[in-house]
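Just below is one structure, and these are the notes that go with it.
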Amino acid sequence: MMNQTAYALGANRSCIRELFEYGRARAQIVGEENVFDYSLGNPSLPAPQAVEDTIRAILEDTDPLKIHGYTSAVGDLETRAAISQELNTRYGVCTNPTDFFIGGGAAGELCAVFGALAQGEILAIAPYFPEYKPFAESAGLTFRVVPPDLPTFQINFEALEASITPNTQALILNSPNNPSGVVYTRKTLEQLADLLTRKSQEYAHPIYIVSDEPYRELAYGVEVPFVPSIYRDTVVCYSYSKSLSLPGERIGYVYVPQEATDSKQLYAAIAGAARARGHVCAPSLWQKVIARCADLRPDLDFYDRNRSLLCQALGEMGYEMAKPDGAFYLFIKAPGSSAKAFSDRAKEKDLLLVPGDDFGCPGYFRICYCVSPDMIRRSLPIFRELIEQ
Ligand code: PLP
């Protein structure tokens with residue numbers, strides 16, 4: 001006998017992975033250059049040269065036993081100090097190294113944070129990263145979706161307020177957002193903080209924000225406010241997967257501000273939930289890299305050029321989307337009645353677009369533009385054909 005929920009999660013690939021695998025198989029048949037794969041958010045920029053140089057330096061100047069040995073379960077103090085220092089300088093905040101738990105990327109960190117919360121409901125604002133649902137449900141939480149604010153994809157406050165109940169433990173926030181590319185403005189976040197403060201008081205327990213921030217560094221000329229500075233009951237799940245193009249290395253951190261309600265207990269519960277999931281001691285070499293590279297930023301020009309190219313070309317063709325100020329996704333209104341039908345039509349032409357249903361937004365499709373500009377240019381006639389059909 002086996003756990004049927006786990007079986008279903010393992011046996012059925014996500015719609016994104018399904019399309020990606022389909023693209024790989026098609027490439028074998030029609031040739032790599034004839035598949036226009038916009039499915040998967042795998043950074044198309046290499047990690048910065050400084051990361052490569054740092055790895056070499058660590059291999060040369062550090063005792064191998066230390067490079068490859070276990071670190072403290074919650075992460076090397078040196079790494080936590082470097083991250084703390086970097087945030088303090090950048091945002092004028094006052095974090096301490098001991099506020100940080102070094103994790104293996106946002107996915108595992110979210111699971112640990114969800115596992116640390118009291119049983120109850122967790123809210124996600126549509127459109128949302130589909131993995132939130134299994135992460136939350138496997139932690140025993142009830143996953144509830146707040147309908148989107150159309151067409152801006154900021155926050156629909158009326159719908160959010162109606163979704164909060166005495167059982168609401170937390171709200172997942174993801175800005176810059178996957179899949180919409182939208183960045184929540186400071187004004188939106190302040191309004192959110194007011195609402196959650198009011199509701200926390202009304203229900204006499206904190207409603208935490210779990211701020212999922214793999215795309216924090218990927219913003220094109222707009223501010224990405226530091227959420228804990230606006231709402232103190234915030235737990236940040238950060239990842240270097242996208243910012244430093246290290247998705248395969250599994251490194252990031254959880255930040256629990258000391259100002260958060262029950263912060264010490266919450267931190268311990270996160271460490272405990274990670275422990276219960278077997279997530280202790282993030283990859284040691286990568287912790288050492290981050291200790292030396294905590295202030296590195298990606299070169300955004302490449303993504304920004306792709307973004308401009310697509311927004312302009314697709315906009316001129318008549319495709320509609322919210323303003324994509326961050327991450328590397330566009331979330332576009334599907335012409336016709338169904339995004340799935342549109343995606344299927346595109347798939348027939350080897351153009352791979354993810355329908356928005358799994359993101360909680362039927363009627364939209366997602367494009368991931370960490371692809372080559374050449375692929376974008378060659379795919380544009382297909383987009384035109386599809387909208388003119
Ligand atoms: N959260 C969002 C919104 C994402 O898009 C992703 C990955 O694509 C993750 C979390 C997981 O990222 P990580 O590689 O850090 O586990």
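Here are some notes:
- The one condition in (1) touching a Gly at 6+ places or on another chain (Cβ under 6 Å); (2) surrounded by 19 or more Cβ atoms within 10 Å (Cβ to Cβ); (3) not aliphatic (A, V, I, L, M) that Asn167 fails to fulfil: (2)
- Annotation: of all residues in the range 208-251 being in contact with an Asp or Glu (Cβ under 7 Å, 6 or more places away or on another chain) and part of a loop (DSSP other than H, G, I, E, B), the one that is nearest to Ser44 (Cα to Cα) is Ser243.
- From the list Arg345, Arg297, Arg305, Arg292, the one residue that fits, being more than 16 Å from the ligand (Cβ to nearest atom), farther than 17 Å from Pro127 by Cα and modelled with pLDDT under 95, is Arg297.
- Note on the range 96-139: residues that are more than 15 Å from the ligand (Cβ to nearest atom), surrounded by 22 or more Cβ atoms within 10 Å (Cβ to Cβ) and assigned to a loop (DSSP other than H, G, I, E, B) amount to 1.
- Checked against the criterion of being in a loop (DSSP other than H, G, I, E, B) and crowded, with 20+ Cβ neighbours inside 10 Å, the candidates Ile172, Ile155 yield just one match: Ile155.
This table checks each residue for (1) surrounded by 18 or more Cβ atoms within 10 Å (Cβ to Cβ); (2) in contact (Cβ under 8 Å) with a residue 12 or more places away in the chain; (3) under 19 Å from Gly248 (Cα atoms).
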site	(1), (2), (3)
Gly272	no, yes, no
His279	yes, yes, yes
Cys293	yes, yes, yes
Asp344	no, no, no
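- The range 140-163 - residue that is within 28 Å of Ala271 (Cβ to Cβ) and not charged (D, E, K, R) and, of those, nearest to the ligand (Cβ to nearest atom): Phe143
- Failed condition for Lys340, given (1) open to solvent by 50 Å² or more (accessible area, probe 1.4 Å); (2) in contact with a strand residue (DSSP E or B) (Cβ under 8 Å, 6 or more places away or on another chain); (3) under 30 Å from Leu244 (Cα atoms): (3)
- Within the range 295-307, considering residues that are touching a residue at least 60 places away in the same chain (Cβ under 8 Å) and assigned to a helix (DSSP H, G or I), the one most open to solvent (accessible area, probe 1.4 Å): Arg305
- Looking across the range 208-222, the residues that are touching a residue at least 40 places away in the same chain (Cβ under 8 Å) and either within 11 Å of the ligand (Cβ to nearest atom) or surrounded by fewer than 24 Cβ atoms within 10 Å (Cβ to Cβ) (or both) come down to Val210, Asp212, Glu213, Pro214, Tyr215, Arg216, Glu217, Leu218, Ala219, Tyr220, Gly221, Val222.
- Among (1) in a helix (DSSP H, G or I); (2) of a type outside the set (Asp, Glu); (3) open to solvent by 10 Å² or more (accessible area, probe 1.4 Å) - the single one Leu192 does not satisfy: (3)
The values are calculated or read from the model by the stated rules, or taken from the named source; none is laboratory data. These numbers were taken from a predicted model, which means no experiment stands behind them. Here Cβ is always computed from backbone atoms with ideal geometry, including for glycine, and neighbour counts include all displayed protein chains. Side chains included, ligands, DNA and RNA excluded: accessible areas come from the protein's heavy atoms. Shrake-Rupley method; radii C 1.70, N 1.55, O 1.52, S 1.80 Å.
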